[in-house]
Every structure is written in structure tokens, then in C-alpha cells.
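Note sheet for the following structure.
Read-outs throughout are calculated quantities, based only on the coordinates presented, and are distinct from any laboratory measurement. If you're wondering where the values come from, they're calculated on a predicted model, not measured in any experiment. Quick reminder, even Gly has a Cβ in these numbers, built from the backbone with ideal geometry, and neighbours come from all protein chains shown.
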Amino acid sequence: MSVAIYPGSFDPIHRGHLDIIVRAARLFEVLVVGVAHNPTKQPLFGPEERAEMVREAVEGITGVRVETFEGLTVAFARRHGARVIIKGLRATMDFDAEMKMAMMNRRLAPEIETLFLPTSPEYADLSSSLIKEVARLGGDVSALVPPAVVERLVAKVGRSVWTASWNS
Ligand code: ADP
């Protein structure tokens, strides 16, 4: 059985992530989305809540499972019998950081390959941090994230002007 993992913070999941999940799910029998719990980071949403939002977003996509994990990505991959780590790439800045990570992961686990999928151009500007910032400032992000995220973002950052457009 071909298994891949797709690790990330997903704080929160957005349309760019979802696009990578849909495309990666076509390449493997099982795709395990790994929601990283990194105690040194200060995410807006807790790991379980982030995983819950991903679960709701991927409902109906065949072969996709969602789990939280702590520790090394390669250890998470090995636990699932995955030979491939999927990473999405937006721009050259992603490439530099992801390349370093891929090389280190290869040292740690030579049997596991990192596979880069280029972003679809319509999502190239999306990042969780920018989405959170825009939402905090009252901008409408409802077209950029799945519906389950819209509701939770509103609950976290407070009701703001864009709830009106999301309801209409
Ligand atoms: P971010 O906070 O930057 O959205 P994550 O750690 O949640 O980052 O991202 C998980 C994975 O998804 C990474 O491989 C990242 O490069 C990729 N990714 C993030 N945003 C996009 C996007 N808009 N298009 C394609 N891949 C993306």
C-alpha cells in the first residue's frame, strides 16, 4: 500500500493546503495529514482544534486521514509506514527552508523521500499567518479557508465586519 504523509501546522488550514491534499491524495492510496504539535510555538488554535478543522475540510476525500503528532516528522512517517513526505511550495523562500528540512530528514531517514508539489497559482499568496492577521483586522477571509475555519476564526478573533459577507 502506498502511504504518504503531509505534515504542517495548519493554524488554520486554508485553500492552499486543501489543494495540496486533494492533489496528493490522487497519487497515494493513503495520505495521512499530520498536524504538528510543537510546544515551542504559540499557535492560535490548539492541536486538536487544528486537526478537527482539517478533518472537517477533508471529509469525502478518499484515502485521507488526519492525526496530530509531536516530535520528528520522519518518526511520524515511519509510524505510518510512509515512504514519502509531501510538501507544498509557494515561492523561493519556501524552497530554501524546505530544501534544508528535506536534506536533514534524508540524513535522519534515508528510506523516506520528500516530494514537493508546487502550489496552484491561485493560492500562491496564501499563508495561515497572513490569513490570521487579515481576520484580526476585520478583513474578509471567508473565500480563503473552509467554512469550519471561518466560524472558528470568528470565535477566536471576535465578530468583525466580514461576518456580514460570510452570512450573505
Ligand atoms: P503556513 O503557516 O505557511 O500556511 P504550514 O506549516 O501550515 O504553513 O504548511 C504546511 C505545508 O503546506 C508546507 O509544506 C507548506 O509549504 C505548504 N503550504 C502552505 N501554504 C501553501 C499554499 N498556499 N500552497 C501550497 N502549499 C502551501
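Round to the nearest 0.05 the FRET efficiency obtained for Glu48 and Ala75 when R0 = 25 Å and r is the Cβ-Cβ distance. Let's see the in-between values first.
On the way: r = 20 Å, r/R0 = 0.80.
For R0 = 25 Å, the calculated efficiency reads 0.80.
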message: Straight-line reach only, C-alpha to C-alpha below 26 angstrom: list the lysines that Lys132 could link to, leaving out same-chain residues fewer than 8 apart.
response: Lys41, Lys87, Lys156
query: For the Cα atoms of the chain, what angle does the longest principal axis make with the long axis of helix 15-25, in degrees from 0 to 90, nearest 10?
result: 30 degrees
statement: For Arg107, placing the label point 7 angstrom along Cα-to-beta-carbon and taking region 61-80, residues whose amide nitrogen sits under 14 Å are none
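Quick one: net charge of Ile131's neighbours, Cβ under 15 Å, K/R +1, D/E -1? Don't jump to the answer; show the numbers that get you there.
Values: positive: Arg15, Arg50, Arg90, Lys132, Arg136, Arg152, Lys156; negative: Asp11, Asp19, Glu122, Asp125, Glu133, Asp140, Glu151.
Within the 15 Å Cβ shell, the charges total 0.
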message: Can you give the local net charge around His80? Use residues other than it whose beta-carbon is closer than 14 angstrom to its beta-carbon, Lys and Arg +1, Asp and Glu -1.
response: +1
message: Taking every alpha carbon pair in the chain, what does the distance histogram look like in 10 angstrom bins from 0, in percent?
response: 10, 38, 37, 13, 3, 0
- prompt: Does anyone have the angle between helix 92-108 and the longest principal axis of the chain? Alpha-carbon axes, 0 to 90°, nearest 10?
  reply: 40 degrees
query: Where nothing but the Cβ of Lys and Arg (+1) and of Asp and Glu (-1) is charged, how large is the charge dipole of the chain around its Cα centre, in debye to the nearest 20?
result: 280 debye
statement: For Leu115 and Asp96, extending 7 Å from Cα along the Cα-Cβ vector and measuring point to point gives, in nm, a value of 2.8 nm
query: For region 16-39 and region 100-152, what is the separation of their C-alpha centers, rounded to whole Å?
result: 11 Å
